[in-house]
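Peer 1: Sharing a structure below in structure tokens format, with a few things to ask.
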Amino acid sequence: MNERDPLTRLLGTPGEDLGCEGGMAVLAEYVEVRLAGRNADELFPGLAAHLRNCPACAEDYQGLLAMVRQQRP
């Protein structure tokens, strides 16, 4: 099974996934690291796992990423 497999998404990744609240606490930093060209998934493995498992938080991440990109010169 891979990370996008429906069963894996349903069951999650115990011990690694930060959850919605924990993920939102570091989401802005994750976006800044990503935009700086660094490997955000390596630096924030718990958030990376959560974004693979939670469509709502993945959508929030995409929205924040797009907004920050638009605001930068």
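Peer 1: Taking 7 Å along the Cα-to-C-beta vector as the label spot, tell me the GLU16-LEU43 distance in nanometres, rounded to one decimal.
Peer 2: 2.0 nm
Peer 1: What is the packing order of peptides 50-58, 16-24, taking the mean over residues of other C-beta atoms within 10 Å and listing the highest first?
Peer 2: 50-58, 16-24
Coordinate-derived values only; no laboratory data. Worth saying up front: this structure is predicted, and the values here are computed from it rather than measured. Virtual Cβ from ideal backbone geometry, glycine too; neighbours counted across all protein chains shown.
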